[in-house]
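The values are calculated or read from the model by the stated rules, or taken from the named source; none is laboratory data. Remember, predicted model here, so these are calculated numbers, not experimental data. Using ideal geometry, Cβ is built from the backbone for each residue, glycine included, and neighbour counts are taken over all protein chains shown. Quick note on the areas: whole protein, heavy atoms, side chains included, nothing else; ligands and nucleic acids left out. Shrake-Rupley method; radii C 1.70, N 1.55, O 1.52, S 1.80 Å.
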Amino acid sequence: MAVLVPVYWTHYGPTNFLYFCDAALFVTLVALWTESAYLASMQAVAITLPQALWVVDFLSYAIFRHHVFDLTGYMFDGDRSLFLRGLSFFHFWLPFLLLWMVWRLGYDRRAWIGQTIFGTAILVASFLAAPLPIDPRVGNVNKVHGPSETDPQTWMDPRLWVALLIVGSVVVIYLPTHALLTWWTSRRKAIHGS
């Protein structure tokens with residue numbers, strides 16, 4: 001973090017830290033220091049599924065030279081320094097670290113509620129702090145301006161789009177991940193008795 005933060009701040013600017021994955025780094029650091037099951041669980045709820053797609057896309061391109069989800073093209077962009085791409089490799093190992101933390105510390109079942117509040121704040125802040133036109137250095141932070149990385153959506157009120165992102169995050173990411181983590185950790189307790 002001592003290296004990543006100043007490099008990202010210089011290269012991408014402060015709005016880059018509003019991305020869910022970047023925010024997860026900060027919260028995970030606090031969770032590691034404090035051994036907080038709640039904070040680790042929140043971040044596991046937030047990024048395990050999206051980062052799993054990132055890992056699949058990265059491995060697919062690294063092995064087969066084909067993107068499955070087109071999430072990791074920048075990792076293979078020779079115009080970006082290897083150092084900068086290396087810093088971005090946290091996307092690969094962070095979900096595994098969080099799963100290990102949840103396995104070790106336990107899963108706090110309140111995490112999806114906390115992440116819903118935290119995620120809503122991040123999406124609203126992204127919408128307010130990343131105004132149009134979309135900054136090409138940073139991209140469309142958390143897709144708050146539409147599905148495109150370069151062009152804002154124009155088919156609905158921008159605030160309605162953000163509201164749909166908030167609801168979609170809960171329904172498509174947080175609740176299914178919460179259910180899986182609840183099942184997974186209850187299996188651990190059943191097997192290990194702790």
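In the set Asp79, Asp57, only one residue is acidic (Asp, Glu) and modelled with pLDDT of 95 or more; that residue is Asp57. Considering the stretch 74-105 alone, what residues qualify as being in contact (Cβ under 8 Å) with a residue 12 or more places away in the chain and not hydrophobic (A, V, I, L, M, F, W, C)? The answer is Tyr74, Ser88, His91, Pro95.
The number of residues in the stretch 15-72 being assigned to a helix (DSSP H, G or I) and of a type outside the set (A, V, I, L, M, F, W, C) comes to 14. Within the stretch 103-114, not a single residue is loosely packed, with under 13 Cβ neighbours inside 10 Å, among the acidic types (Asp, Glu) and either at pLDDT 95 or above or out of contact with any strand residue (DSSP E or B) (no Cβ under 8 Å at 6 or more places or on another chain) (or both). A residue that is among the small types (Gly, Ala, Ser), open to solvent by 50 Å² or more (accessible area, probe 1.4 Å), at pLDDT 90 or above and part of a helix (DSSP H, G or I) cannot be found anywhere in the stretch 155-177. One residue stands out among those in the stretch 8-43 that are among the β-branched types (Val, Ile, Thr) and open to solvent by less than 40 Å² (accessible area, probe 1.4 Å): the one that is farthest from Leu180 (Cα to Cα), which is Thr15. Taking the stated definitions as given, is Leu49 modelled with pLDDT of 95 or more and either loosely packed, with under 15 Cβ neighbours inside 10 Å or in contact with a helix residue (DSSP H, G or I) (Cβ under 6 Å, 6 or more places away or on another chain) (or both)? When the stated conditions are applied, Leu49 passes them. Filtered by the rule that a residue be among the hydrophobic types (A, V, I, L, M, F, W, C), at pLDDT 95 or above and buried (at least 20 other Cβ atoms within 10 Å of the Cβ), the stretch 119-136 gives Ile122, Leu123. Among the conditions (1) buried (at least 18 other Cβ atoms within 10 Å of the Cβ); (2) in contact with a Leu (Cβ under 9 Å, 6 or more places away or on another chain), Gly139 misses just one, which is (2).
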